[in-house]
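Participant: My questions will all concern the structure given below.
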Amino acid sequence: MENEFFKNRLNITRRHFFGQAAAGIGGLALGSLLVPELFKGDASAQSLPLGVAHFAPKAKRVIYLCQNGAPSQYESFDYKPMLNKMAGQDLPDSIRGTQRLTGMTASQDKFPLVGSYYNFKQHGKSGTYISEIFPHIGSIADDICVIRTMSTDAINHDPALTFLQTGAQVGNRPSMGAWMSYGLGSENKNLPAFCVLLSRGRGNGQGVYSKLWTNGFLDSTHQGVVFSSSEDPILYLNDSDGIDKAGRRRMLDQLAELNHEGFAENKDPEVEAKVQQYEMAYRMQTAVPELTDLSKEPDHIIKMYGPECLVPGTYAANVLLARKLSESGVRFVQIYHQGWDSHGNLPQEMAMQAQDVDRSSAALITDLKQRGLLDETLVIWGGEFGRTNYCQGKYTVDNYGRDHHPRAYSIFMAGGGVKAGTVYGETDELGYNVVKDPVHIHDFHATVQHLMGINHEQLTYKHLGRRYRLTDIAGNVLPGLIA
Amino acid sequence: MIIAEAGQQWLIFWGHFHPMLVHLPIGMFFMAGILHFFAKQTSESQGLIVRILMWTTAFSIVSAAMGWGLAQSGEYDPDALQIHQWLGISTCVLSVGLTYVMRAGMNHRLTNSLFVLSLLCLTITGHYGGNLTHGSDYLLSSLPSSGRKVLGIKQAEEANKAVPQIANLPEAIVYTQLVKPLLTQKCTSCHNEQKQKGKLRLDTPEFILLGGEDGPVVSAGKPLESELIKRLLLDASDEHHMPPKGKTPLTENEIALLHWWVQHGADFKKKVSELPSDERIKPVLAAYTQGVVSQESPVYKQEVDEADEADLARIRKHGLMANPISKDQNFIEVNAINAPRVTNKELADLSKIQGQIVRLKLGNTGVSGDFIKEIAAMPLLIQLDLNHTKLTDQDLVGLKNLAYLESINLVGTPISDRGLASLAHIKSLKRVYLWQTRVTEKGVAVLKKMRPDLTIQSGFKGRWPLEVDSAKLTPTK
């Protein structure tokens, strides 16, 4: 008898034991707090529903339109006529300071400034300057808050994107969406809290990797679920030929029984996570086909997003799908759109990229607004860093490139408690440095979590002996961004 | 005279040993008690207990004498001091008596009750002593709120939190809401009514202006000439550094806050927005709003009871989500996103929590007209989503008495222009969503005229795509 007891104990590692002991008490409290249904013994509601925020949230859901590859702020939201005036002149050392450069331009002996190829226009009551290649976003200028002073620590795509998504440059921390899933859960019990949609534009592209939507050290139920553009939006979701719904159910029940037995023996929480994921997949079997069927969207909606939204896998289609997911209660929809890495041939590439995203991005915000959903949905549009104010490679009047620039770049946000119709922060006349109201990635994370009703210092997870959070040990909520 | 003063100084010097020595007889007294009540009684143990008690008595008397010396410093509130002093003397007397009775081997009942009485007296003395040193709220000040609830103690005051959260920061009084809580947290345990180190009190504006034994501590507009700030900036090892060693020092942000306040006049009435802000103070002030979302609705200033768990459970059985809007509020949001089939029958259970509901999201459900009177009985309702339901113009009439309703979503309902009049009567209303209804542009215009303050969303009317200068899209290479 005693032997058996020890044998069982031996299956639990020391760290796991302590983790579990802590989770047993703290986790129970957290669980019951965030998911009141959790301990009510109702199996169908067990895995999910709504969490309760630290304080009353402004935003309930996030749609993150990540412009992967880093769109140039100079051709989009940071109007710098001085660059056009000084075009061709060298970037003064006093401005550049100690900024390190990437290997792509570090060996250049000249850093000729280059102004925007496109004109800018003031839009809306706010008079926000937006480049002419984004006319639709310009038309909703009063609904958005442009941040011109984003800054990041990384200078290359992979670490910068990882930093933007997870708060750290190394890829082992949970993504923003995973943190939201962990803290707030999903509203819709038939859909995961964190969904990921991928698309690719016509410009120079940079990869996306699953570490960007990882659950990190969190339970794997918080991992982003990737939708594909193929016939099966979620791979392996449908029953195989010859298996009917009842058979599937029986199989899952048996499998769960085995898994519970396994869990009783090895106490590995991932076994339980697996069971939950199987159940989620089962419920998604009916929910997902309804959602991904865009054919039922009325004509006037298609006209808003543009005809491309009917072509699966395009940015426009993903944006429309993102609206449907969000409308159905998905906590965090993450879109990645590749193709913004314009090291050369920028005027052409940027225009094509803008053409792909401008109309549907604006349509999303407008559509949410008319549905009464924008009040509680936070939309974020932007990349992982900005681009240099000087030319990479040979500079001519209508062809140039821009290298990576981490010190200051532009994004915009809309809805969900953000101050609409405003511009936040200011860069110097050459757009190189922040002169007013910097927004570091950590501050951005803190503010987004704040809008969701989360105190960024309190949503933590203990791992490898210390507590982690999205903002780790930094970040300030920026009241200037909040309505 | 000089001799008297020197004597006084020596008294105070020895007095400072009181807090150190006093713990020795306390421990010994309890040890004697433990042996007396819990150890096997033999003649040997009796002798031991008596010997311990003798030493206890000796140390008690020495400690009490030192305590009297410390009292001469005048740094303590005389009233609280009196209690502690007389209790201390009583403890000494009881100790003498107990030693005598024990030694004489008198009857058990007498020794037992004297022992209990002495220990009780000792405990109370110690508690009052602790209050003198650390402040009267020290002992339970960090009890978590759950523990407070159980013990029925009122919630910790703002002063005990790291950074108090302020909802409307620009309107906050700098002294009352920022400076005072900080002083209470870090300074007034030694500079208060009961205890005035350096003859300084920092608990009211009058005493702050009055200063201490070396004169004023605040020089308005000159932070670096103000003792209050200078002492904070000294090296931590400096003997004049405040707070003294062993007490929690002020953080950089806290020092910056006091500096900012003194620099701009050390005013006791001005609001945050009335003091010029600079780069140094911005992040400091920002910390006060980290946990606060400005909740404009006056509803959130009210207090409601917690909803009954059993009622919530019954509501959740129907697939409805019914949860508090946040961890520290009892207001409830009801969301039917997972329960598109609910009808009035199931929704009837919501009447049990009608006093708590602030957001009611019944979009895409089978809710119908009869339920409107139930909604009208939710006095604190702020947001009402009835999109894609069958509700009609007639039904909206019943909503006009909702005093706090700010947002109503009627997208996809058969509402027409006729129903808009009832909306215009809801004074608190700010946002109306009317897309995909039978409401006409004329109807919207009429509503707009009646209620120019309303934001009315009746759907996207623009003509897209917007033109982009096509020449620019294909630049020459």
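The values are calculated or read from the model by the stated rules, or taken from the named source; none is laboratory data. On a predicted model such as this, the values are computed, not experimentally measured, just so you know. For neighbour counting, all protein chains shown are included, and Cβ atoms are generated from backbone atoms with ideal geometry for every residue, glycine included.
Participant: Please indicate, with yes or no, whether at least one residue in region A:421-442 is away from chain B (no Cβ under 14 Å) and acidic (Asp, Glu).
Facilitator: Taking every residue of region A:421-442 in turn, at least one turns out to be away from chain B (no Cβ under 14 Å) and acidic (Asp, Glu).
Participant: If you go through region B:39-75 one residue at a time, how many are more than 20 Å from B:THR123 (Cα to Cα) and either in contact (Cβ under 8 Å) with a residue 60 or more places away in the chain or among the β-branched types (Val, Ile, Thr) (or both)?
Facilitator: Count: 6.
Participant: Within region A:372-401, how many residues are among the charged types (D, E, K, R) and crowded, with 24+ Cβ neighbours inside 10 Å?
Facilitator: 2
Participant: While we're here: Going residue by residue through region B:51-60, is there one that turns out to be in the same structural domain as B:THR123 (by TED's automatic domain parsing), within 38 Å of the chain's Cα centre (by Cα) and under 26 Å from B:LEU132 (Cα atoms)?
Facilitator: The answer is no, given that none of the residues of region B:51-60 is in the same structural domain as B:THR123 (by TED's automatic domain parsing), within 38 Å of the chain's Cα centre (by Cα) and under 26 Å from B:LEU132 (Cα atoms).
Participant: Another question, then. Name the residues in region B:179-216 that are polar (S, T, N, Q) and crowded, with 17+ Cβ neighbours inside 10 Å, would you?
Facilitator: Residues satisfying the conditions are B:THR184, B:GLN185, B:THR188, B:SER189, B:ASN192, B:GLN194, B:GLN196.
Participant: Could you check, for region B:413-421, whether at least one of its residues is assigned by TED's automatic domain parsing to the domain that holds B:GLY355, of a type in the set (Val, Ile, Thr), more than 42 Å from the chain's Cα centre (by Cα) and outside any strand (DSSP E or B)?
Facilitator: Yes, that holds for at least one residue.
Participant: Of everything in region A:329-379 that's of a type outside the set (A, V, I, L, M) and in a strand (DSSP E or B), which residue is nearest to the other protein chains (Cβ to nearest Cβ)?
Facilitator: Going through the qualifying residues, I end up with A:THR377.
Participant: Moving to a separate point now. Pairs only if they're at least six apart or on different chains, beta carbon under 7 angstrom, first in region B:313-324 and more than 8 Å from chain A (Cβ to nearest Cβ), second among the hydrophobic types (A, V, I, L, M, F, W, C) and assigned to a strand (DSSP E or B); list them, first residue then second.
Facilitator: Listed pairs, sorted by first residue: B:ILE315/B:ALA322; B:LEU320/B:VAL334; B:ALA322/B:ILE332; B:ALA322/B:VAL334.
Participant: Which residue, of B:GLU309, B:GLU333, is surrounded by 17 or more Cβ atoms within 10 Å (Cβ to Cβ) and more than 7 Å from chain A (Cβ to nearest Cβ)?
Facilitator: B:GLU333
Participant: Right, next: Among the candidates B:SER273, B:SER237, B:SER219, B:SER277, single out the residue that is within 14 Å of chain A (Cβ to nearest Cβ), surrounded by fewer than 19 Cβ atoms within 10 Å (Cβ to Cβ) and not in a helix (DSSP H, G or I).
Facilitator: Just one listed residue meets the conditions, B:SER277.
Participant: Hey, among the residues in region A:268-294 that are among the β-branched types (Val, Ile, Thr) and touching a residue at least 24 places away in the same chain (Cβ under 8 Å), which one's surrounded by the most Cβ atoms within 10 Å (Cβ to Cβ)?
Facilitator: Within region A:268-294, the match that is surrounded by the most Cβ atoms within 10 Å (Cβ to Cβ) is A:VAL288.
Participant: If A:LYS189 meets every condition in (1) under 25 Å from A:GLN169 (Cβ atoms); (2) buried (at least 20 other Cβ atoms within 10 Å of the Cβ) apart from one, which number is that one?
Facilitator: So A:LYS189 meets the others, but not (1).
Participant: Would you point out the residue of region A:296-313, among those that are surrounded by fewer than 22 Cβ atoms within 10 Å (Cβ to Cβ) and in contact (Cβ under 8 Å) with a residue 12 or more places away in the chain, that is nearest to A:ASP358 (Cα to Cα)?
Facilitator: Only one residue tops the list, namely A:GLU308.
Participant: Return yes or no: is B:ARG431 within 27 Å of B:GLN356 (Cβ to Cβ) and within 13 Å of another protein chain (Cβ to nearest Cβ)?
Facilitator: yes
Participant: Out of (1) under 20 Å from A:TYR409 (Cα atoms); (2) at pLDDT below 95, the odd one out for A:PRO71 is which?
Facilitator: Unmet for A:PRO71, out of (1) under 20 Å from A:TYR409 (Cα atoms); (2) at pLDDT below 95: (2).
Participant: In the list B:GLN8, B:GLN41, which residue meets the criterion of being assigned to a loop (DSSP other than H, G, I, E, B), out of contact with any helix residue (DSSP H, G or I) (no Cβ under 8 Å at 6 or more places or on another chain) and not hydrophobic (A, V, I, L, M, F, W, C)?
Facilitator: One residue alone meets the criteria, B:GLN41.
Participant: Just give me the residues in region A:193-202 being away from chain B (no Cβ under 14 Å), touching a helix residue (DSSP H, G or I) at 6+ places or on another chain (Cβ under 8 Å) and of a type outside the set (Gly, Ala, Ser), in sequence order.
Facilitator: A:PHE194, A:CYS195, A:VAL196, A:LEU197, A:LEU198 - these are the residues of region A:193-202 that are away from chain B (no Cβ under 14 Å), touching a helix residue (DSSP H, G or I) at 6+ places or on another chain (Cβ under 8 Å) and of a type outside the set (Gly, Ala, Ser).
Participant: OK, next. Would you check if there is a residue in region B:283-299 being small (Gly, Ala, Ser) and away from chain A (no Cβ under 14 Å)?
Facilitator: Taking every residue of region B:283-299 in turn, none turns out to be small (Gly, Ala, Ser) and away from chain A (no Cβ under 14 Å).
Participant: While we're here: Whether any residue in region B:80-98 is surrounded by 15 or more Cβ atoms within 10 Å (Cβ to Cβ) and in contact with a strand residue (DSSP E or B) (Cβ under 8 Å, 6 or more places away or on another chain) is what I want to check.
Facilitator: Within region B:80-98, not a single residue is surrounded by 15 or more Cβ atoms within 10 Å (Cβ to Cβ) and in contact with a strand residue (DSSP E or B) (Cβ under 8 Å, 6 or more places away or on another chain).
Participant: Kindly provide the set of residues from region A:285-306 that are under 14 Å from A:ASP232 (Cβ atoms) and in contact with a helix residue (DSSP H, G or I) (Cβ under 7 Å, 6 or more places away or on another chain), ordered by number.
Facilitator: The answer is A:LEU291, A:THR292.
Participant: Sticking with this structure for a sec: Run down B:GLU306, B:GLU374 and say which single residue is touching a residue at least 24 places away in the same chain (Cβ under 8 Å) and over 27 Å from A:GLY185 (Cα atoms).
Facilitator: Within the list B:GLU306, B:GLU374, the selection yields B:GLU374.
Participant: Identify, by number, the condition in (1) surrounded by fewer than 17 Cβ atoms within 10 Å (Cβ to Cβ); (2) assigned by TED's automatic domain parsing to the domain that holds B:GLU406 that B:LYS282 doesn't meet.
Facilitator: Here B:LYS282 meets the rest and fails (2).
Participant: Moving to a separate point now. Condition (residue is touching a residue at least 40 places away in the same chain (Cβ under 8 Å) and at positive phi) applied to region B:200-223: is it met by at least one residue?
Facilitator: Yes; the residues of region B:200-223 include at least one that is touching a residue at least 40 places away in the same chain (Cβ under 8 Å) and at positive phi.
Participant: Out of all the residues in region A:303-328, which are among the hydroxyl-bearing types (Ser, Thr, Tyr), in a loop (DSSP other than H, G, I, E, B) and within 14 Å of chain B (Cβ to nearest Cβ)?
Facilitator: A:SER328
Participant: Can you tell me which residues in region A:425-452 are assigned to a strand (DSSP E or B) and either buried (at least 22 other Cβ atoms within 10 Å of the Cβ) or under 15 Å from the mean Cα position of the chain (by Cα) (or both)?
Facilitator: A:THR427, A:VAL439
Participant: Looking at B:LEU48, B:LEU24, B:LEU70, which is the one that is assigned to a helix (DSSP H, G or I), touching a Phe, Trp or Tyr at 6+ places or on another chain (Cβ under 6 Å) and assigned by TED's automatic domain parsing to the domain that holds B:SER95?
Facilitator: After applying the criteria, what remains is B:LEU24.
Participant: What is the one condition in (1) within 20 Å of B:PRO324 (Cα to Cα); (2) touching a strand residue (DSSP E or B) at 6+ places or on another chain (Cβ under 7 Å); (3) within 13 Å of chain A (Cβ to nearest Cβ) that B:LEU381 does not satisfy?
Facilitator: In the conditions (1) within 20 Å of B:PRO324 (Cα to Cα); (2) touching a strand residue (DSSP E or B) at 6+ places or on another chain (Cβ under 7 Å); (3) within 13 Å of chain A (Cβ to nearest Cβ), B:LEU381 misses (3) alone.
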